[in-house]
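Structure, as structure tokens:
Since every read-out is calculated from the coordinates, none of them should be taken as a lab result. All values reported here derive from a predicted model rather than from experimental measurement. Neighbour counts are summed over all protein chains in view; Cβ atoms, including those assigned to glycine, are modelled from backbone coordinates with ideal geometry.
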Amino acid sequence: MRILLVEDEKKILDFLKQGLEEQGYAVDIADNGNDGLHWALSFAYDVLVLDIMLPGKDGLAVCHELRNQRIITPVLMLTARDTVDDRVTGLDSGADDYLVKPFAFRELLARIRALSRRDSFQKLMTMRVGDLLLDTITHTAQRGDRSIDLSTKEYALLEFLMLHPNQVLSRTVIAEHLWSYEYAPDSNVVDVYIRYLRKKIDDDHEEKYIRTIRGTGYQLVNPDQV
């Protein structure tokens, strides 16, 4: 999942970015409203975490402009103001949720998970491709009767592939979803993690799910839809 985090307090920005990346999210950051609006209009994100009090355009103006541009990405507003009028103003600007500072990091994670589940795919607690099962709540996987131990990034990659069965996904598309904009086009990190997944998912099975599409990218084949 790719998140845009817009926050002008550097300590908070750095803390949240590190914490979210440790949870397996790809995180792009901006420290002012103008840059935040630019990133949100230029790239596809799963969730926007947007502070209200920002230099340049404030968070309310950014959110309002995004909705005017028909950007429907879920927006979680962060603010130090906690009156009913403030919350109503934030929600009326187009925000989907509202979190008051100071907050517990685990609550932020829960709010992000709730927003991401609004997508029809993400509402599923489990995903299945053939005999491969992925639990999106516990972040565990199994193929047949065998449990598969996944790292945070391996889970994120497998989830993304399973959300798009039989689709050919380029390395760039995969990288932009799982890594930040700092991803280098000549990096082989996608290939490395695909190899990790293949070893855990396919190596001990005659039927292989992950296919390389030469010159293009990768495909997770769903045998039930072929």
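Taking other Cβ within 10 Å of each residue's Cβ, how do M1, M53 sort, fewest first? Could the numbers behind the result be given before it?
Numbers: M1 20, M53 16.
Listed from fewest to most nearby Cβ atoms, that is M53, M1.
Just one of (1) 7, 17, 13, 10, 9, 8, 8, 7, 6, 5, 5, 3, 1, 0; (2) 7, 31, 32, 20, 9, 1, 0; (3) 8, 35, 41, 15, 1, 0 is P(r) over Cα pairs in 10 Å bins from 0, in percent calculated from these coordinates, so which is it?
(2)
Normalised by the residues of the chain, what does the relative contact order come to in percent, with Cα pairs under 8 Å and at least six apart?
16 percent
If you take the Cα Rg of region 126-225 and divide it by 2.2 N^0.38 Å, with N the number of residues, what do you get?
Numbers: Rg = 12.9 Å, N = 100, 2.2 N^0.38 = 12.7 Å.
Dividing the Cα Rg of region 126-225 by 2.2 N^0.38 Å gives 1.02.
Using helices alone, what [θ] at 222 nm do you get for the chain, with -39,500 (n - 2.57) per DSSP H run of 4 or more residues, divided over all residues and rounded to the nearest 500?
Details: 8 runs with 87 residues, N = 226.
Taking each H run of at least 4 residues, the total per residue is -11500 deg cm²/dmol.
What's the long-distance tail for region 2-116, i.e. % of Cα pairs beyond 22 Å?
The share of Cα pairs beyond 22 Å in region 2-116 comes to 21 percent.
Under 13 Å from the Cβ of N166, count the other residues' Cβ atoms, weight Lys and Arg +1, Asp and Glu -1, and hand me the total.
0
Note the full-extension length gain between K11 and R67 as 0.36 nm times their separation in residues minus their Cα-Cα distance, in nm to one decimal.
Using 0.36 nm per residue and subtracting the Cα-Cα distance, I get 17.3 nm.
Taking the DSSP beta bridges in the chain as the whole, what percent of them are antiparallel, to the nearest 5?
Percent antiparallel among DSSP bridges in the chain is about 50.
Between Q18 and T172, what is 0.36 nm times their sequence separation minus the Cα-Cα distance? Round to one decimal in nm.
53.2 nm
What list do you get for E206, E9, E154 if you sort them by fewest beta carbons within 10 Å?
Least to most surrounded, the residues fall as E206, E9, E154.
Enumerate the lysines that K208 could reach by cross-link, defined here as Cα to Cα under 26 Å, with residues fewer than 8 away along the same chain left out.
K153, K199, K200
Label points 7 Å out from Cα along the Cβ direction at R195 and D224: separation in nm?
Here the modelled spin labels are 3.2 nm apart.
May I ask you to sort V27, V49 by Cβ crowding, counting other Cβ atoms within 10 Å and putting the fewest first?
V27, V49
Which of the trypsin sites (Lys or Arg not before Pro) found in region 78-118 are in a DSSP loop and have at most 12 neighbouring Cβ atoms, other than their own, within 10 Å? Spell out each step's value before the answer.
Details: sites: R81, R87, R106, R111, R113, R117, R118; in loops: R81, R117, R118.
Counting only loop positions with at most 12 other Cβ atoms within 10 Å, the trypsin sites (Lys or Arg not before Pro) in region 78-118 are R118.
So if each residue of separation counts as 0.36 nm, and I subtract the Cα-Cα distance between M53 and K208, what length gain in nm does that give?
Extra length from M53 to K208 when fully extended: 50.8 nm.
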